[in-house]
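Bear in mind these aren't lab numbers, they're just calculated from the coordinates by the rules spelled out. Note that the coordinates shown come from a computational prediction; the quantities given were computed from them, not determined experimentally. Note: ideal-geometry Cβ built from the backbone for every residue, glycine included; neighbour counts use all protein chains shown.
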Amino acid sequence: MLNTNSTGSLLCRLAVILAVAGLISLTFMSLWTSPQTFCLPQQLSRHHAEKNNSLDKAVVDKPILLLWVWPEDYRFDLSDCKTIYNIDGCHLTDDRSLYSNSDAVLIFHKAISEDLSTLPPSPRPPFQKWIWMNVESPTNTQKIPGIENLFNLTLTYREDSDIPVKLQLTSRKIPDEDFEISKKEKLICWIVSNNLKWTGVGTRIAFFQELSKHVKIHVYGKAYGTFLDYKDYFPTIASCKFYLSFENSIHKDYITEKLNGPLAVGTVPVVLGPPRKNYEKFVPGDSFIHVNDFPDAKSLAEYLQRLDQDDEAYRRYFNWRRHFSARPHLILQNQKFVLAICTACDYVGKHKEYKEAHDIYEWFFN
């Protein structure tokens, strides 16, 4: 027979063992069924939180626009969109580590390789838009098979692009009566850097050669061996009564800074490009002279020489100045794509809706 005290002691030990076993079982069951909430080391946790908060703030406050490559490797300060154009609607970045969180990716056409290996990784995030950026004319655009249906948005010089890039006049609510035409030392000027025939310049070269038979033209630029310093660009144009705003190729809406330069500094542009009606979509019809308004180069030369002798008739080409103003464009080499990239940022900041661009080549080339 067992002693009564021994029996009680044994039962007590057994109860304690069962209680401890129960607690251990409950602990394991809790860990198994509940989300884990282990704490990271304090320093790592803070760094992780700060990184996420920074990204979350950018995502919440502004859509992210990722510049996949710098076009032609021309780099500028990303704050220039705010500084120059007062555009601050997106978080513009070239940090590819933000790709998965980017609302839009800007892809420069000339940077796409023929094997497409330079494109961003696929599949893209469902919410993300790819923007096809091409500010060249069809004549100077190489077709790369396989990209026709990859993009959501188009960014080109064309007015019917999703994101059209164009230097525009600014309207005035109060007419400006104080505009003064600057002193003109020369009749006609032309600054030209490209004479490569494969770029489509044959038409403008032929017209220039014919026009120069009948009137003196002051020519500048590396295409003719006379390099013009950047600081002399606008003063040179301003010193001439007329400026040859000749595009390198002729296509609908292909009207570049060659028109804006003389308008901005008070010189009359003589344009060669798309038809007059196309120009008049963007600037007043009495702000320029179109070569198509004359039967030949000789007739144009004679008209310009008559205007040179008639101040009142010449001044009529500045009547538009009462109601509009033109802003000098950026001319430094690394600023070549600032306007296009900032325009994309402005669009992404204002447009959240889904879009898709079907067969960009059929649209762009036809």
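Report, by chain and number, residues whose modeled amide H sits under 5 Å from the one on CYS189, excluding near sequence neighbours (fewer than 5 apart, same chain).
Here the answer is HIS218, PHE242, TYR243, LEU244, since their amide H atoms fall under 5 Å of that of CYS189.
Please work out the C-alpha center-to-center distance from segment 270-291 to segment 77-112 and express it in whole Å.
Cα centres, segment 270-291 to segment 77-112: 33 Å.
Per residue Cα convex hull volume for segment 170-328, in cubic angstrom?
On the way: hull volume 17.9 nm³, N = 159.
Convex hull of Cα atoms, per residue: 112 Å³.
Taking segment 256-363, which GluC sites (Glu not before Pro) meet the DSSP loop condition and have no more than 13 other C-beta atoms within 10 Å? Mind showing how you got there, number by number?
Numbers: sites: GLU257, GLU280, GLU302, GLU312, GLU353, GLU356, GLU362; in loops: GLU280, GLU353, GLU356.
Within segment 256-363, the qualifying GluC sites (Glu not before Pro) (loop, at most 13 other Cβ atoms within 10 Å) are GLU353, GLU356.
Given segment 251-310, what whole percent of its Cα pairs are spread farther than 19 Å?
Numbers: 547 of 1770 pairs.
I get 31 percent for the Cα pairs in segment 251-310 exceeding 19 Å.
Could you rank the peptides 171-180, 266-275, 92-101 by their average count of other C-beta atoms within 10 Å per residue, with the highest value first? Provide the component values of the computation, followed by the final result.
Numbers: 171-180: 8.9, 266-275: 21.6, 92-101: 14.9.
So the order, starting with the most tightly packed, is 266-275, 92-101, 171-180.
Got a sec? How would SER245, SER137 order by Cβ neighbour count within 10 Å, fewest to most? Could the numbers behind the result be given before it?
Values: SER245 29, SER137 23.
Neighbour counts put them in this order, fewest first: SER137, SER245.
Checking the table LYS241/LYS336; LYS166/LYS213; LYS110/LYS352; LYS110/LYS213; LYS143/LYS231 against a 29 Å threshold on Cα-Cα, which pairs fail? Please list the in-between numbers first.
Details: LYS241/LYS336 27 Å; LYS166/LYS213 34 Å; LYS110/LYS352 27 Å; LYS110/LYS213 38 Å; LYS143/LYS231 37 Å.
Where the Cα-Cα span goes over 29 Å, the pairs concerned are LYS166/LYS213; LYS110/LYS213; LYS143/LYS231.
Aspartates and glutamates within cross-link reach of LYS350: Cα-Cα under 15 Å, excluding same-chain residues under 8 positions apart?
Cross-link targets: ASP61, ASP88, ASP103, ASP162.
Using the number of other C-beta atoms within 10 angstrom as an exposure proxy, rank PHE242, PHE208 with the fewest first.
Working: PHE242 26, PHE208 19.
In order of increasing Cβ crowding within 10 Å: PHE208, PHE242.
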